[in-house]
Amino acid sequence: MFSKKSNSEPLGVPLGDLLLMLQPTSIKASLKSGTLTARHEHYTTHIRVVEPEKRETEDRPIEAVVRVTTELPKQLLQFFMKPGATVAMNKFAALGALFSDRGSVYVGSRLTIYEAENAWPTLHLPLLLFTTICGVEAILGAVRRSMNNQDYSGGTSDWTESDFAQVENSLSRFCVCSTGALGFTAEFGLSEGAISAAAGHRTALFRLKADQPHPELGGGLFCVLEIPYLFRNDQRLREVCEQLNNMEMAAGDLPPHFGAWCEGSAGHNPAYISFFPNALHRVSGIALNAAYWAANRTQWANQVIPSLDK
């Protein structure tokens with residue numbers, strides 16, 4: 001099917017696998033010059049494999065970076081180019097974030113793949129598949145429902161107490177965490193020795209929730225990371241969230257970006273949210289991976305956010 005291995009496996013990433021999985025769907029997909037193009041009815045998604053900005057990291061080398069981008073139709077630009085619109089609508093994000101770049105608005109996701117990670121068939125491929133299928137529609141569909149005052153989609157989550165117990169068992173070794181009521185809560189310290197806000201420490205609050213369906217996708221797993229950095233006003237918070245969503249697309253040493261920065265619930269604070277639809281429950285350990293990604297993102301955000309608030 002493929003004339004050259006370099007075309008179906010750019011930088012060793014087997015995009016040909018993703019192409020094969022998209023073929024039974026209504027999406028018209030093609031693979032050329034190392035880029036997979038997925039044509040939906042009203043927009044086109046590009047999955048590109050790029051070289052990392054810096055291959056060597058403190059832990060292990062980066063093999064490649066996969067960017068998933070969809071430029072929104074021109075007729076939507078007038079709405080999404082309004083100040084603060086992308087950040088406000090990112091509260092509906094699932095597997096990608098709205099961000100603007102050089103006069104256009106995109107929905108973007110990013111996957112940094114490390115050498116010898118060996119997670120392609122079990123984690124990376126399913127994430128990229130469902131991001132390609134429903135990452136954009138999750139936001140646009142939810143926005144349409146909101147603007148038309150339609151009832152939000154319901155649905156029961158496939159995640160259960162046993163999934164959260166697995167996450168607690170792993171994370172309890174390095175942070176304060178608990179489960180209960182179809183959810184999981186953890187605190188990630190922002191300085192050495194910081195354990196819990198109850199002890200007077202500054203911590204980021206991370207939650208997994210199985211009782212909060214997505215407006216468009218229905219049942220699934222909602223993830224939210226609240227950073228306890230308070231901005232002087234909503235405008236500055238929105239500006240920094242926009243910067244963070246752009247920075248998340250960089251080809252660097254960053255946790256996977258399948259979500260969005262938006263306004264948090266603590267008042268003038270940033271939060272990172274993701275939503276995994278029920279179809280991804282079959283991906284073993286995805287909730288645990290989301291928790292580890294949140295822990296790593298906390299440390300990155302703790303360094304980056306203060307430098308942006310100037």
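FYI, it's all coordinate maths here, none of it is from the lab. Since this is a predicted model, take the numbers as computed values, not measurements. A quick note on method: Cβ atoms are made from the backbone with ideal geometry, for glycine too, and the neighbour counts reach across all protein chains shown.
Normalised by the number of residues in segment 213-282, what is the relative contact order in percent for Cα pairs under 8 Å and 6+ residues apart?
Working: 101 pairs, mean separation 31.5, N = 70.
Dividing the mean separation by the residue count of segment 213-282 yields 45 percent.
Let's see if you can work this out: charge +1 on each Lys and Arg Cβ, -1 on each Asp and Glu Cβ, no other charges. What is the dipole magnitude of segment 225-292 about its Cα centre, in debye to the nearest 20? Can you show the working numbers first?
Numbers: 4 positive and 7 negative charges, 28 e Å.
With only Lys, Arg, Asp and Glu charged at Cβ, the dipole is about 140 debye.
Helix-only estimate, please: 222 nm mean residue ellipticity of the chain, summing -39500 (n - 2.57) across DSSP H runs of length 4 or more and dividing by its residues, to the nearest 500.
Computed ellipticity for the chain at 222 nm equals -9000 deg cm²/dmol.
Would you count, across the chain, every pair of lysines whose alpha carbons are under 30 angstrom apart, provided the pair is eight or more residues apart or spans two chains?
Count of close lysine pairs: 17.
What list of ³J(HN,Hα) values in whole Hz, one per residue of segment 136-145 in order, does the Karplus curve 6.51 cos²θ - 1.76 cosθ + 1.60 (θ = phi - 60°) give from phi, with Gly and Pro shown as x?
Result, rounded to whole Hz: 6, 5, 4, 6, 5, x, 5, 5, 4, 4.
Using a Gaussian network model of the chain whose springs link C-alpha atoms within less than 10 Å, name the residue from 75, 166, 23 with the highest mean-square fluctuation.
Among 75, 166, 23, the largest GNM mean-square fluctuation belongs to 75.
Rg over Rh of the chain, using C-alpha atoms and the Kirkwood radius, what does it come to? Mind dumping the intermediate values first?
Numbers: Rg = 18.9 Å, Rh = 19.9 Å.
Taking Rh as the inverse mean 1/r over Cα pairs, Rg/Rh reads 0.95.
Could you give each residue of segment 216-228 its phi-based ³J(HN,Hα) in whole Hz, using Karplus coefficients 6.51, -1.76, 1.60 with θ = phi - 60°, and x for Gly or Pro?
10, 8, x, x, x, 10, 9, 10, 9, 10, 9, 9, x
Arranged from highest to lowest average of other beta-carbon atoms within 10 Å per residue, in what order do the peptides 214-223, 111-120 appear?
Values: 214-223: 22.0, 111-120: 15.4.
Put in order of decreasing packing, that is 214-223, 111-120.
Loop-only chymotrypsin sites (Phe, Trp or Tyr not before Pro) in segment 1-87, please: DSSP not H, G, I, E or B, and at most 14 other Cβ atoms within 10 Å.
Details: sites: 2, 43, 79, 80; in loops: 2, 43.
Answer by residue number: 2.
Could you state the number of Å between the C-alpha centres of segment 231-252 and segment 30-64?
That distance is 22 Å.
Taking the Cα centre as origin and putting +1 on Lys and Arg beta-carbons and -1 on Asp and Glu beta-carbons, what dipole magnitude results for the chain, to the nearest 20 debye? Present the calculation step by step, with values, prior to reporting the outcome.
Details: 27 positive and 31 negative charges, 167 e Å.
For this selection, approximately 800 debye.
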